[in-house]
Amino acid sequence: MANAPLLFIACVVSVLLRTGGGATIRRFKWEVGYIYASPDCEEKLVMAINGQFPGPTIRAKAGDTIHLQLKNTLHTEGVVIHWHGIRQHGTPWADGTASISQCAINPEESFLYRFKVDKAGTYFYHGHYGMQRAAGLYGSLIVDVADGEKEPFQYDGEFNLLLSDWYHKSIYDQMVGLSSRPMKWIGEPQSLLINGRGQSNCSLAASLIPGSSTCKLISKDCEPVVLKVLPNKTYRLRIASTTSLASLNLAIGNHRMTVVEADGNYVEPFTVDDMDIYSGESYSVLITTNQKTSSNYWISVGVRGRKPDTQPSLAIINYPPNSPSKLPESSPPATPLWNDYAHSKSFTYKILARQGTPKPPPNADKQIALLNTQNKMDGYTKWAINNVSLALPTTPYLGSMRYHLKNAFDTKKPPESFPSDYDVMKPAKNQNTTQSTNAYVFQFNSTIDVILQNANAIAENVSEIHPWHLHGHDFWVLGYGDGRFQKKDVSTFNLKNPPLRNTVVIFPYGWTALRFIADNPGVWAFHCHIEPHLHMGMGVIFAEGVEYVRNIPREAITCGMTGKMLIDNHLP
Ligand code: C2O
Ligand code: CU
């Protein structure tokens, strides 16, 4: 009898622990500010978090909730951070996109990001205001499987490689150039960085040869990354790219890589000697350290898809008992020829969903086609989608749509296709474009097909790679093709095992088809992940179910031309 209350208490405690265990809240306090750092051995201003560049790695378990207090300590500009790959179910206001999901956080002010990380995988975060990503505002976000769950592959240890590119010109210089008449292009990056470290203007490989002094590692900031491994083990390398411009290829001397994850989704494992990584993508690969232990080995990262003017970046795989600074016996693996698109396509086409991945609905309710072109507008250079170049409103869409504000953005429907006689193989006959803040509003829960159509840029015989990233969703990649998409291509769609991703590439002169379900109430950016392209208007806005959005923090939406009306009229 006396034991009953005790038993009862024991039960209550165990329930609390169990629910507590499944819903851990992880709290962070961050400050964004500029620091001096030398990511490629040259000292510059770098946008850092808590004095760190790249920013701190967030590590969580699937099902956890992140509470992250972000304080802006930049002196004169706003800031936001986007959690790339996190779908923000129920918290679209925490997506961290200036003018879309929230107002930029003013200097000396703070904002609480609160969101759930519901799916294990390799993600990252980055600034999403102006070109702040290119200023160094980024870091990794890694979600492990929930307690008691298992990854569908085994490994003994893991390493994280966050790839980026680096310019010596400030982002202000870059942005002014891009928005000038005539446009001043940013050019190729001065260096490629691995976990924020690289070397400009010198070759690390050469510098490690005794007696050579081509590369002065003047700062700890630019020492190469070393992965210390043990022999005969399997390691998971998490690889993500947050480059501003460069498409990348990564290879490891003497080691093959088995790709097992892409953008937080498992893929059917396949093995390669080198892999392409476009900005906005993330992968996990497995490697086995079964090589001669008397040597170290290079990891080499080089540029794809643009004539490179940037040295490959190198890291070292260090087998014991070698010193980490011992030069690998063989030279760094060479990046495939920059314009060997057949090589890139063969890699990309190998990415298929692992068995057990949710399948797409068999049909779409709606199909839209988005033509990507480079254009002119009053002498300015722009990128446009169906001849509309994206401009952002001063009041974020999320608030103005949710509360039906008048005149907050252009409510005209954006074009859902492009002229049937448009020749994607040639520069446009009429290169002029218009600019707009309009948005694609989808019926809640409908299935949408998007055909991304690439085309010739302004110059003859030029068509570039564009990696497109969707916020708030994963999508199925149904297929790729060369030339102009045709109705009959629908019959070639892969409905059996299309990979789920959040970023996908369109190859030069090609098309890419994807499908997603508009089931996440909110307003979502869909854009080319190349920072200067986005800055020049290469994106669109998707929205669905905004009427169901609840609990938007008022500071997320009460800014800009019409945002003040929200304070006066609508919000408690
Ligand atoms: Cu990683 Cu809207 O971007
Ligand atoms: Cu682009």
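The values are calculated or read from the model by the stated rules, or taken from the named source; none is laboratory data. Note that this is a predicted model, so its numbers are computed, not measured. No Cβ is skipped: glycine too gets one built from the backbone with ideal geometry, and neighbour counts run over all protein chains shown. Remember, those area values only see protein heavy atoms, side chains included, never the ligands or the DNA or RNA. Shrake-Rupley method; radii C 1.70, N 1.55, O 1.52, S 1.80 Å.
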Is it true that some residue in the stretch 172-179 is open to solvent by less than 10 Å² (accessible area, probe 1.4 Å), under 20 Å from the mean Cα position of the chain (by Cα) and small (Gly, Ala, Ser)?
-> no
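For the stretch 404-487, list the strands (runs of 3 or more DSSP E) that sit wholly inside it and hold at least 2 residues that are more than 16 Å from ligand 2 (Cβ to nearest atom); which are they?
434-436, 440-442, 447-453, 475-482
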Filtering the stretch 369-387 down to residues that are outside any strand (DSSP E or B), in contact (Cβ under 8 Å) with a residue 40 or more places away in the chain and over 17 Å from Met175 (Cα atoms), which residue is nearest to ligand 1 (Cβ to nearest atom)?
-> Asn387
Selected residue (criterion: surrounded by the fewest Cβ atoms within 10 Å (Cβ to Cβ)) from residues of the stretch 280-298 that are of a type outside the set (Gly, Ala, Ser) and part of a strand (DSSP E or B) | Thr288
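Tally the residues that are open to solvent by 10 Å² or more (accessible area, probe 1.4 Å) and either within 20 Å of Ser244 (Cβ to Cβ) or not basic (Lys, Arg) (or both), restricting the search to the stretch 141-166.
Within the stretch 141-166, the subset open to solvent by 10 Å² or more (accessible area, probe 1.4 Å) is 144-160.
Keeping just the survivors that are either within 20 Å of Ser244 (Cβ to Cβ) or not basic (Lys, Arg) (or both) gives 144-149, 151-160.
Residues flagged as open to solvent by 10 Å² or more (accessible area, probe 1.4 Å) and either within 20 Å of Ser244 (Cβ to Cβ) or not basic (Lys, Arg) (or both) within the stretch 141-166 amount to 16.
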So how many residues does the stretch 227-236 have that are open to solvent by 10 Å² or more (accessible area, probe 1.4 Å) and within 24 Å of the chain's Cα centre (by Cα)?
-> 1
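Could you tell me which residue of the stretch 115-139 is nearest to ligand 2 (Cβ to nearest atom), considering only residues that are open to solvent by 10 Å² or more (accessible area, probe 1.4 Å) and farther than 30 Å from Gly187 by Cα?
Lys119
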Which residues, counting only those in the stretch 483-518, are under 25 Å from Pro393 (Cβ atoms) and more than 12 Å from ligand 1 (Cβ to nearest atom)?
-> Phe516, Ala518
Among the residues of the stretch 132-150, how many are touching a Ser or Thr at 6+ places or on another chain (Cβ under 9 Å) and charged (D, E, K, R)?
-> 1
Which of the residues belonging to the stretch 507-531 are surrounded by fewer than 22 Cβ atoms within 10 Å (Cβ to Cβ) and either within 16 Å of ligand 2 (Cβ to nearest atom) or without any contact (Cβ under 8 Å) to a residue 60 or more places away in the chain (or both)?
-> Phe507, Pro508, Tyr509
Test: residue in the stretch 407-427 that is within 16 Å of ligand 1 (Cβ to nearest atom) and open to solvent by less than 10 Å² (accessible area, probe 1.4 Å) | no
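Within the stretch 299-316, is there a residue that is in contact (Cβ under 8 Å) with a residue 12 or more places away in the chain, assigned to a loop (DSSP other than H, G, I, E, B), under 22 Å from the mean Cα position of the chain (by Cα) and farther than 30 Å from Val462 by Cβ? Break it down into steps so the answer makes sense when it comes.
Step one: filter the stretch 299-316 for residues in contact (Cβ under 8 Å) with a residue 12 or more places away in the chain, giving 299-316.
Add one more test, that the residue is assigned to a loop (DSSP other than H, G, I, E, B), and what stays is 305-312.
Applying the additional criterion that residues be under 22 Å from the mean Cα position of the chain (by Cα) yields 305-306, 308, 310, 312.
Subsequent filtering for residues that are farther than 30 Å from Val462 by Cβ retains none.
Checked against the condition, which is being in contact (Cβ under 8 Å) with a residue 12 or more places away in the chain, assigned to a loop (DSSP other than H, G, I, E, B), under 22 Å from the mean Cα position of the chain (by Cα) and farther than 30 Å from Val462 by Cβ, the stretch 299-316 yields no hits at all.
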Scan the stretch 182-197 residue by residue and report those that are part of a loop (DSSP other than H, G, I, E, B) and either under 26 Å from the mean Cα position of the chain (by Cα) or at pLDDT below 70 (or both).
-> Met183, Lys184, Trp185, Ile186, Gly187, Glu188, Pro189, Gln190, Asn195, Gly196
Strands (runs of 3 or more DSSP E) completely within the stretch 57-114 that count 3 or more residues being open to solvent by 10 Å² or more (accessible area, probe 1.4 Å) and away from ligand 2 (no atom under 16 Å from the Cβ) = 64-72
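Mind counting the residues in the stretch 455-464 that are of a type in the set (A, V, I, L, M) and either open to solvent by 10 Å² or more (accessible area, probe 1.4 Å) or in contact with a helix residue (DSSP H, G or I) (Cβ under 7 Å, 6 or more places away or on another chain) (or both)?
Selection size over the stretch 455-464: 3.
Just checking, which of Ile277, Ile239 is in contact (Cβ under 8 Å) with a residue 24 or more places away in the chain, under 16 Å from Ile317 (Cα atoms) and open to solvent by less than 10 Å² (accessible area, probe 1.4 Å)?
Numbers: Ile277 fails: under 16 Å from Ile317 (Cα atoms).
Criteria check complete, one pass: Ile239.
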Could you grab the pairs with beta carbons closer than 9 Å, sequence gap of 6+ or different chains, first residue in the stretch 39-65 and on the phi < 0 side of the Ramachandran plot, second one open to solvent by 50 Å² or more (accessible area, probe 1.4 Å) and of a type in the set (A, V, I, L, M)?
-> Glu42/Ile218; Glu43/Ile218; Asp64/Ala23; Asp64/Ile25; Thr65/Ala23; Thr65/Ile25
Can you name the condition, by its number, that Leu370 falls short on among (1) in contact with a strand residue (DSSP E or B) (Cβ under 6 Å, 6 or more places away or on another chain); (2) loosely packed, with under 14 Cβ neighbours inside 10 Å?
-> (2)
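Give the residues of the stretch 506-535 that are among the aliphatic types (A, V, I, L, M) and under 17 Å from Ile100 (Cβ atoms), sorted by residue number. Even if it seems obvious, please write down each step before you answer.
Here is the first cut: in the stretch 506-535, the residues among the aliphatic types (A, V, I, L, M) are 506, 513-514, 517-518, 523, 525, 530, 534.
Within the stretch 506-535, Ala518, Val523, Ala525, Leu534 meet the criteria.
Could you check the stretch 317-334 and list, in sequence order, the residues that are assigned to a loop (DSSP other than H, G, I, E, B) and within 17 Å of Asp273 (Cα to Cα)? Walk me through how you get there before you give the answer.
Narrowing the stretch 317-334 to residues assigned to a loop (DSSP other than H, G, I, E, B): 319-334.
Within the stretch 317-334, Ser330, Ser331, Pro332, Pro333, Ala334 qualify.
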Assuming Ser200 fulfils every condition listed in (1) modelled with pLDDT of 95 or more; (2) surrounded by 15 or more Cβ atoms within 10 Å (Cβ to Cβ); (3) part of a loop (DSSP other than H, G, I, E, B) apart from one, which condition is it?
-> (1)
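A quick yes/no check of all residues on (1) over 19 Å from Asn372 (Cα atoms); (2) in contact (Cβ under 8 Å) with a residue 60 or more places away in the chain; (3) open to solvent by 10 Å² or more (accessible area, probe 1.4 Å); (4) acidic (Asp, Glu):
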site	(1), (2), (3), (4)
Trp468	no, yes, no, no
Gly481	no, no, yes, no
Asn497	yes, yes, yes, no
Val505	no, yes, no, no
His533	no, yes, no, no
Condition check for Ile557: away from ligand 1 (no atom under 16 Å from the Cβ), more than 27 Å from Pro358 (Cα to Cα) and touching a residue at least 24 places away in the same chain (Cβ under 8 Å) = yes
